[in-house]
């Protein structure tokens, strides 16, 4: 990618910068965590707002807002899922109890 292409790419992003690997990975970490236990069928677009932008607006963003997060982003997610939690299961109906229409 040459400089002109990169400049155009960044201008198309409303946050006026490329996303970091950590920012994208944090979405996956959230979805794999207990905090996302009620998330079903959602669509997460991690593109700095490019999908919803109406044209190249990145150049309008003040330079003070274009900074990438500093250092490593801390994750505080547990990885045990539902292993230590009480769950309630719904018993499937027996075939003879299902009314056919």
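Got a sec? Which of 82, 75 is surrounded by 10 or more Cβ atoms within 10 Å (Cβ to Cβ), assigned to a loop (DSSP other than H, G, I, E, B) and at pLDDT below 65? Step through it out loud before you land on a result.
On the way: 82 fails: surrounded by 10 or more Cβ atoms within 10 Å (Cβ to Cβ).
Every option except 75 fails the conditions.
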Query raised in the report: Given the conditions (1) surrounded by fewer than 12 Cβ atoms within 10 Å (Cβ to Cβ); (2) in a helix (DSSP H, G or I), and given that residue 9 satisfies all but one, which numbered condition is not satisfied?
Result: (1)
**Report entry** Any hit, segment 22-35, residues being at pLDDT below 70 and surrounded by 10 or more Cβ atoms within 10 Å (Cβ to Cβ)
**Finding:** no
Query raised in the report: Within segment 26-51, which residues are touching a residue at least 40 places away in the same chain (Cβ under 8 Å) and touching a helix residue (DSSP H, G or I) at 6+ places or on another chain (Cβ under 9 Å)?
Result: 30
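The values are calculated or read from the model by the stated rules, or taken from the named source; none is laboratory data. None of the values given here were measured: they were computed from a predicted structure. Heads up, the Cβs are rebuilt from the backbone with ideal geometry, glycines too, and the neighbour counts pull from every protein chain shown.
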